[in-house]
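S.K.: First the structure, which I've put down as structure tokens, then a few questions once you've had a look.
The values are calculated or read from the model by the stated rules, or taken from the named source; none is laboratory data. In this text the structure is predicted, and so the values were computed from the model without any measurement. Heads up, the Cβs are rebuilt from the backbone with ideal geometry, glycines too, and the neighbour counts pull from every protein chain shown. The area values use the complete protein model at the heavy-atom level, side chains included, leaving out ligands, DNA and RNA. Shrake-Rupley method; radii C 1.70, N 1.55, O 1.52, S 1.80 Å.
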Amino acid sequence: MDAQRFVLPMNGENISVVIGEDITGHISEEVGHYDSLVFMISRNVEEMFGSKIPPLENYGSSTIKITLNDGESLKTLRNYQRIIKVLVEKKVSRNSLLVYVGGGTVGDLAGFVAATYKRGLRMIAVPTTLLAQVDSSIGGKNGLDFSDVKNVIGTFYNPYLIIDDLQFLKSTPDLIREGMGEVIKYSIIAGGDMFRKVSECSLSNFHDHSADIVKMSIKIKADIVNRDYYDRNGVRSILNLGHTIAHGIEGASKGQISHGRAVATGLMVEAHIGEKYGNTRPEVIDEIMKLADNYGIERVRISDIGVNSILRYISNDKKMSEGYINMPVPADIGNIITMKVTERMISDGLNTFIREHERK
Ligand SMILES: NC(=O)c1ccc[n+]([C@@H]2O[C@H](COP(=O)([O-])OP(=O)(O)OC[C@H]3O[C@@H](n4cnc5c(N)ncnc54)[C@H](O)[C@@H]3O)[C@@H](O)[C@H]2O)c1
């Protein structure tokens, strides 16, 4: 399969995106002339795929390689400071390039370093998880966690090149399940060709369709982001579909439930809330469940986590300033509306979900 290359407009900039199999070797061709090359790579990815990743440390005497223990605990000010210290000690100039290879956590930290070191280094992103390819590498946001608050520090900053190498997605089906929560979300937001594509594929034939799925997802996210790049006019918040409940589930389960499962279940519960108040076509719930089943995403048992724990977490997380939050809800596949949702309505939705899917 030939690699596909296209230009993705993003907030007035043009990002080049290359999608293909076994294409990480192309990084060396893209590097160009810079004073230094800062190469940040996930330790896990290096262990798994080392032979496929070009030895950028041979780029020249001015290559600085930083190997990272990824996962959420990477995204701290302490790790940020450690990296900045290395760059200062090595006298990395502003005319330098940062290349990162890793999942969303490496991307969030690397993006913040690239955005802030000397007010901006050029960056190439090589996202290695499905979630990072379809979601976190697109849209300019980077982030660090602080004082138990996720992504509370961050900027908007884009790579000029994104290399989506599909070989990385072949390591484990967990990686696909994890990212498919977001892909299913895009298919419900966009409907049409995207919904058809996601419906006709499954976990077993995912790799035959991964190039299309990644490309279509990127375009859907970029289209929404470009209408509200700085997250100010409410358009970008459509991307929170499924996430109000998902964050409640993840918080209440103290991180025991994976993001992909939480988002897929969040999409179902939120559709129940919409349906209960006459806003959602009832069949949408079954359609979401079918997609989750096709990709082997196991539903979360809400009754095991507890409606009250989830509610408590959502109320602390979201400011229900006037007794409600604005929550995106699917009226239908391809038609997202925003509902004013109270705690009571969320509790009703969670209890309906338990009654209809956990007590049968
Ligand atoms: N900036 C944004 O817009 C945005 C959007 C969504 C999510 N995020 C952030 O992304 C992060 C989650 O990203 P993630 O799910 O990629 O997590 P991650 O970076 O922690 O990666 C998950 C695990 O997969 C491993 N891994 C990476 N590539 C692999 C591969 N090819 N095969 C097997 N294992 C591999 C990693 O070593 C890690 O253990 C969160 O911190 C979240 O806040 C950011």
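S.K.: Pairs of lysine in region 233-360 with Cα under 18 Å and at least 8 positions apart or on different chains: total?
M.R.: Number of lysine pairs found: 5.
S.K.: Now, a different point. What ³J(HN,Hα) values, in whole Hz, does the Karplus curve 6.51 cos²θ - 1.76 cosθ + 1.60 give for region 301-310 when θ = phi - 60°, with x put for Gly and Pro?
M.R.: 8, 4, 5, 6, 8, x, 4, 5, 5, 5
S.K.: Could you tell me which of rounded, prolate or oblate describes region 4-171, using a ≥ b ≥ c as the square roots of the eigenvalues of the alpha-carbon gyration tensor, with rounded for a/c under 1.5 and, failing that, prolate when a/b is larger than b/c and oblate otherwise?
M.R.: Here region 4-171 falls in the rounded category.
S.K.: In region 4-171, what percent of the accessible surface is made up of carbon and sulfur (1.4 Å probe, ligands and nucleic acids excluded)?
M.R.: 49 percent
S.K.: Oh, and also: Return, ordered by residue number, the residues of region 96-131 whose backbone nitrogen is under 19 Å from a label point located 7 Å along Cα→Cβ of S62.
M.R.: Those under the cut-off are 96-100, 114-124.
S.K.: Roughly how many nanometres apart are two label points built 7 Å out from the Cα toward the Cβ at E200 and R281?
M.R.: 1.9 nm
S.K.: Just need the relative contact order of region 176-357 here, percent rounded to a whole number, with Cα pairs under 8 Å and 6+ apart.
M.R.: Once divided by the residue count of region 176-357, the mean separation gives 28 percent.
S.K.: Subtract the Cα-Cα distance of R232 and R344 from 0.36 nm times their separation in residues, and report this length gain in nm to one decimal.
M.R.: Once the chain is fully extended between R232 and R344, it gains 37.6 nm.
S.K.: Each residue of region 192-199 in turn: what ³J(HN,Hα) in whole Hz from Karplus with 6.51, -1.76, 1.60 and θ = phi - 60°, glycine and Pro shown as x?
M.R.: Result, rounded to whole Hz: x, 4, 5, 5, 4, 4, 5, 6.
S.K.: How much length is gained on full extension from N95 to D208, taking 0.36 nm per residue of separation minus their Cα-Cα distance?
M.R.: Full extension of this stretch gives 36.7 nm more.
S.K.: Across region 37-51, in residue order, what do the Karplus-derived ³J(HN,Hα) couplings come to in whole Hz, using 6.51 cos²θ - 1.76 cosθ + 1.60 with θ = phi - 60° and x for Gly and Pro?
M.R.: After applying 6.51 cos²θ - 1.76 cosθ + 1.60, I find 10, 9, 10, 9, 9, 5, 4, 4, 5, 5, 5, 6, 10, x, 5 Hz.
S.K.: A further question on this structure: Note down the nm distance, to one decimal, between modelled labels 7 Å out along Cα→Cβ at E21 and at N151.
M.R.: My value for the distance between the label points is 3.2 nm.
S.K.: To continue, here is another question. How long, wide and thick is region 176-357, going by the Cα atoms along their three principal axes, in whole angstroms, largest first?
M.R.: Extents along the principal axes: 44, 36, 31 Å.
S.K.: Just how far, in whole angstrom, is region 17-50 from region 142-170 if you go by their alpha carbon centroids?
M.R.: 16 Å
S.K.: Consider all pairwise Cα distances in region 249-360 and report the whole-number % of them above 17 Å.
M.R.: Distances greater than 17 Å cover 53 percent of the Cα pairs.
S.K.: Compute the accessible area per residue over region 105-205, keeping the other protein chains in place, probe 1.4 Å, unit Å².
M.R.: Here the residues of region 105-205 average 33 Å² of exposed surface.
S.K.: Now for a different question. How high is the relative contact order of region 162-231, in percent, counting Cα pairs under 8 Å that sit 6 or more residues apart?
M.R.: So the answer I get is 30 percent.
S.K.: Additional query: Can you pull the percent of region 176-357's accessible area that's carbon plus sulfur, 1.4 Å probe, other chains left in place?
M.R.: Whole-percent figure for carbon plus sulfur exposure: 42.
S.K.: Where only protein heavy atoms count, and the probe is 1.4 Å, what is the accessible area per residue for region 237-360 in Å²?
M.R.: 45 Å²
S.K.: Right, another one. Treating the beta-carbon of each Lys and Arg as +1 and of each Asp and Glu as -1, no other charges, what is the dipole magnitude of the chain about its Cα centre, to the nearest 20 debye?
M.R.: 1100 debye
S.K.: OK, next. Over the chain, how many percent of alpha carbon pairs lie in each 20 Å bin up to the one with the longest distance?
M.R.: Going from the shortest bin to the longest, the percentages are 30, 56, 13, 0.
S.K.: Next up: For K91, give me every one of the lysines with a C-alpha distance below 30 angstrom, ignoring sequence neighbours fewer than eight places off in its own chain.
M.R.: Partners within reach: K52, K65, K75, K118, K141.
S.K.: Here's a follow-up. Within the chain, what percent of beta bridges assigned by DSSP are antiparallel, to the nearest 5?
M.R.: Just about 40 percent of them are antiparallel.
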